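*Asks:* Quick one: structure below, then a few questions.
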Amino acid sequence: MIFVLSALVLLGVLITAHELGHFLVAKLSNVRVHLFSIGFGKALIKWRRGETEYRIAQFPFGGYVQMAGQDPAEGDGPVDPADVGRSLLDKPPITRMLVYLAGPAMNVLLPFVILIPLYSLADPWDQVAPSVVGAVDRGMPAGAPGKLETGDRIVSIDGERIYGFWQTQKHLDAYDPARGPLNIVVERGPDRQRVEVAVSPRTWSETHSMLRFGTESYKMGFVVSFLAADVAVLRPETPAANAGLMTLDRVLSADGVVVPRYLDFVQALAARPAGTTVTLEVERMTPSAPPMSAFESLQRGPAAWGEHWPWRPPVLPKRVSENPAVLATLPPEAPPGVPTWRTMRSLTQEGLRTLVWKMERQTLTLTVPAGLNPASVHASEEALGLAHASNCISWVDPKGAAARAVAQAPGTPDGLRAGDCIVDIDGTPHSLADFIGMRLGDKPENPKRVTVRRDGREVAFMLEPALVSWHDKNFGETKQIDSGLLLATRPDTFVEAEPVPNEDRLAFAWQRTGSDVADKLRETVFSVIGLFSGDVSPKQLSGPLTIAYLAGKQAEAGLVQFLQLMVVISLGLAIFNLVPMPGLDGGHIMVAGIEMIIRRRVPAVVQRRIQAVGFGVIFFLILFVLTQDVGRFLRGFAF
């Protein structure tokens, strides 16, 4: 029952809002409206106000508006004297364009009506991400010497008090280079000393990995989430290397004290006198063989059965609390020397595959060097000879783009490999996976010169990202830009900063709504374009059965999830209706546009034939999506 009710509410609200747009602009344009109905079928309640009859009908799947002159055939018959000059056909093309444009426009405005109250009042946004610097990218403006440091808390930008990251994003969205750098005040170090820095955000270009459209924005180059204590050894013969640390190791504790964040690990060492020893417990990660099929198992024989992951159930260790304030002993499930495994699904040249990593705990001893600084992660890294492993490759697809990367130095074999750490792309240094991933995927038609740190020295490769695809039985083929590698992959690479109270809910709601609607609208536009260009499979279209199913599932999850689904479908309805196809609003707008160009009306007989073709196309489209819906559920579709 919840699926039926939620579908009725979802479609009823969306279609009624759409028709309300047509109705309001028609009234404002002095077009006679005979009928405005919420729902279809026999009227349950009806009343007349002025010349318009209003109804609530028995089937509440949306609604419709009946306007004078809406059907081109009306131009051939007698006209009610009251409709002379007030028929839609009598109005100039620009007026008709506005009437038909108003429906999609209402579907664009509806998300604002939904999301602003949602973000202003709903419990999930009582608290927001704080204005802390979880990590900086050394090649971006924020990571330049003398700028921001990991652990900084931003307290003001250009004189405006800052408490949440959304306010920082607001300043980036509104940034104008002509005004000069942003003046940022931060609290730094254990004593929370106030420091003022000037940072000029950089123009940043990125390409959507699936839809392949480009966007530009301004970025400073930091993330608000802290990084877990995954380390990369910079050079041999450093304190980190001498202790036995290896790239992609995760430090779990220092002298028995849990260090869930990389910042905690570095500060724990910086707090100790030079020359003292610290006992580290680390979790070492190495790629393992993927699961074998039954046929492969028989081929390899019994010798492989005892060693291979599927035949020995993995023990997945629990992670300790991610809250730095919580000190806990390490869980006993995986003592040192006993291997465990982690798995994940990832896109490869052969489609979606299960990847496996072997995890093993070890105990190491590190001698604290001189030169560590509790207030500067970067200075401490130089003294220790280590960095965070965010930029380090944890897996390479054997048939992917990274494995085919061409070495630029004689004698160096082609192909990137696990353990390589990316230090720059096309001459621009980077140290965070977020920015490296975006740079590798941007403008994929251009090969990238990638410099990596391998065994303490830098090696350059030419990498050409590839377009890979996989097939889903319910939604057809999906294509995606892929570099054929994964960076520092663990299920808990990030440690979320402690949220703070949301002090300005209305301003937050405006900023978040504008950003969300713009992002979803852009993706919807290019998804529709992709349907016609062949980049998006038509099997990804959903009919009323799938929509009803999704509406029911989201309603079960909660009001917030249901309303967010309504926003996505509302924007999809708006954009799809603007497609210049007969029978849709876009088709009517196209005809009116043609009339503006040729300066005469398209004959009614031509319009009727155009509409007949359009209704035929729409009929087959409805038949197609219904067939898709039925097929999904016969195949056991689940969400």
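The values are calculated or read from the model by the stated rules, or taken from the named source; none is laboratory data. Not measured: the values here are computed from a predicted model. A quick note on method: Cβ atoms are made from the backbone with ideal geometry, for glycine too, and the neighbour counts reach across all protein chains shown. Areas reflect the complete protein model, heavy atoms only, side chains present, ligands, DNA and RNA absent. Shrake-Rupley method; radii C 1.70, N 1.55, O 1.52, S 1.80 Å.
*Asks:* Over 18 Å between C-alpha atoms is what I'm after, so list which of Lys520/Lys553; Lys399/Lys443; Lys147/Lys219; Lys147/Lys448 land there.
*Replies:* With Cα atoms farther than 18 Å apart: Lys520/Lys553; Lys399/Lys443; Lys147/Lys448.
*Asks:* As a check on your grasp of the helix formula, calculate [θ] at 222 nm for the chain: sum -39500 (n - 2.57) over DSSP H runs of n ≥ 4, divide by the residue count, round to the nearest 500.
*Replies:* So the calculated ellipticity at 222 nm is -11000 deg cm²/dmol.
*Asks:* Still on this structure, please answer the following. For segment 154-252, take every pair of Cα atoms, bin their distances at 10 Å starting from 0, and report each bin as a whole percent.
*Replies:* 12, 29, 25, 26, 8
*Asks:* Mean 1/r over all different Cα pairs, inverted: what Kirkwood radius does segment 120-176 give, in Å? Walk me through the numbers before you get to the answer.
*Replies:* Values: mean 1/r = 0.0790 Å⁻¹.
In segment 120-176 this quantity evaluates to 12.7 Å.
*Asks:* Report the full-extension gain for the segment Glu445 to Val84: residue separation times 0.36 nm, less the Cα-Cα distance, to one decimal in nm.
*Replies:* Here the segment from Glu445 to Val84 would lengthen by 124.1 nm.
*Asks:* While we're on this one: According to a simple spin-label model (label point 7 Å from Cα along Cα-to-Cβ), what is the distance in nm between Val4 and His208?
*Replies:* In this crude label model, His208 to Val4 measures out at 3.7 nm.
*Asks:* Angle between the Cα long axis of helix 559-577 and the longest principal axis of the chain, 0 to 90 degrees, nearest 10?
*Replies:* Rounded to the nearest ten degrees, it is 60.
*Asks:* Using DSSP to call loops (not H, G, I, E or B), can you name the trypsin sites (Lys or Arg not before Pro) in segment 102-199 whose Cβ has at most 14 other Cβ atoms within 10 angstrom?
*Replies:* Those satisfying the criteria are Arg192.
*Asks:* Moving on to the next point. Using a ≥ b ≥ c from the Cα gyration tensor of segment 207-296 (square roots of the eigenvalues), is it rounded, prolate or oblate, where a/c under 1.5 gives rounded and otherwise the larger of a/b and b/c decides, a/b for prolate?
*Replies:* oblate
*Asks:* Which FRET efficiency, nearest 0.05, do Thr279 and Glu53 yield, Cβ-Cβ r, R0 51 Å?
*Replies:* About 0.05, to the nearest 0.05.
*Asks:* Is segment 1-64 best put as rounded, prolate or oblate by its Cα gyration tensor, with a ≥ b ≥ c the root eigenvalues, rounded for a/c under 1.5, and otherwise prolate when a/b is larger than b/c, oblate when not? The partial results should precede the final answer.
*Replies:* Values: a/c = 3.91, a/b = 1.69, b/c = 2.31.
Since a/c reaches 1.5 but b/c is at least a/b, the shape of segment 1-64 is classed as oblate.
*Asks:* Hey, another quick one. What percentages, rounded to whole numbers, describe P(r) for segment 526-603 computed over all alpha carbon pairs with 5 Å bin width beginning at zero?
*Replies:* 3, 13, 15, 18, 16, 12, 9, 6, 4, 2, 1
*Asks:* Same structure, new question: Find how much the distance from Val113 to Lys46 grows on full extension, using 0.36 nm per residue of separation minus their present alpha carbon separation; answer in nm with one decimal.
*Replies:* Numbers: separation 67, 0.36 × 67 = 24.12 nm, distance 2.69 nm.
Length gained, Val113 through Lys46: 21.4 nm.
*Asks:* Now for a different question. After finding the eigenvalues of the alpha carbon gyration tensor for segment 346-409, what semi-axes result from the square roots of 5 times each, listed largest first in whole Å?
*Replies:* On the way: eigenvalues 241, 63, 25 Å².
Equivalent-ellipsoid dimensions as semi-axes: 35, 18, 11 Å.
*Asks:* With N set to the number of residues, divide the alpha-carbon radius of gyration of segment 108-217 by 2.2 N^0.38 Å and report two decimals.
*Replies:* Compactness ratio reported: 1.25.
*Asks:* Mean projection of the alpha-carbon convex hull of segment 574-633 over all orientations, in nm²? Walk me through the intermediate numbers first.
*Replies:* Numbers: hull surface 18.1 nm².
Average of the hull's projected areas for segment 574-633 equals 4.5 nm².
*Asks:* To test your reading of the geometry: what angle, between 0 and 90 degrees and rounded to tens, separates the Cα axis of helix 585-598 from the longest principal axis of the chain?
*Replies:* 70
*Asks:* Let me ask something else about it. What do the square roots of 5 times the Cα gyration tensor eigenvalues come to for segment 343-382, in whole Å, largest first, as semi-axes of the equivalent ellipsoid?
*Replies:* The equivalent ellipsoid of segment 343-382 has semi-axes of 39, 17, 7 Å.
*Asks:* Does anyone have the angle between helix 505-533 and the longest principal axis of the chain? Alpha-carbon axes, 0 to 90°, nearest 10?
*Replies:* Here the helix axis deviates by roughly 80 degrees.
*Asks:* Would you mind putting 501-508, 14-21, 234-241 in packing order, based on average other-beta-carbon counts within 10 Å, highest first?
*Replies:* 14-21, 234-241, 501-508
*Asks:* Would you please state the base-10 log of I(q)/I(0) at q = 0.05 1/Å for the chain, with intensities from the Debye formula using one equal scatterer on every alpha carbon?
*Replies:* -0.32
*Asks:* Turning to a different aspect of this structure: On alpha carbon coordinates alone, what is the Rg over Rh value for segment 437-502, Rh being the Kirkwood radius?
*Replies:* Looking at segment 437-502, the ratio lands at 1.12.
*Asks:* Determine the principal axes of the Cα atoms in segment 424-542, then give the extent along each, sorted from largest to smallest and rounded to whole angstroms.
*Replies:* 50, 45, 27
*Asks:* Further, regarding this structure: Straight distance only, please: which lysines reach the Cα of Lys473 with their own Cα at less than 17 Å, same-chain residues fewer than 8 apart left out?
*Replies:* The qualifying lysines are Lys539.
*Asks:* Within the chain, what percent of beta bridges assigned by DSSP are antiparallel, to the nearest 5?
*Replies:* 95
*Asks:* Any chance you could list the semi-axes, whole Å, largest first, of the equivalent ellipsoid that the Cα gyration tensor gives for segment 240-279, using √(5λ)?
*Replies:* 15, 14, 9
*Asks:* Moving on. Using 0.36 nm per residue of separation minus the Cα-Cα distance, give me the extension gain between Glu503 and Ala409 in nm, one decimal.
*Replies:* So the extension gain works out to 28.3 nm.
*Asks:* Loop only per DSSP, at most 15 neighbouring Cβ atoms within 10 Å: give me the trypsin sites (Lys or Arg not before Pro) in segment 200-245, ordered by residue number. Numbers along the way, then the final one.
*Replies:* Working: sites: Arg202, Arg212, Lys219; in loops: Arg212.
Answer by residue number: there is no such site.
*Asks:* Got a number for carbon plus sulfur as a percent of segment 85-216's accessible area, 1.4 Å probe?
*Replies:* The value for segment 85-216 is 56 percent carbon and sulfur by accessible area.
*Asks:* I've got another one for you. At 1.4 Å probe radius, can you tell me the per residue accessible area of segment 508-639 in Å²?
*Replies:* Numbers: 6850 Å² over 132 residues.
Per-residue value: 52 Å².
*Asks:* On to the next question. Once you charge only the Cβ atoms, +1 for Lys and Arg and -1 for Asp and Glu, what is the size of the charge dipole of the chain about its Cα centre, to the nearest 20 debye?
*Replies:* Value, rounded to 20: 1340 debye.
*Asks:* Now for a separate question. Find the Rg to Rh ratio for segment 336-456, where Rh is the Kirkwood radius over alpha-carbon pairs and Rg uses the same atoms.
*Replies:* Numbers: Rg = 17.3 Å, Rh = 17.1 Å.
Rg/Rh: 1.01.
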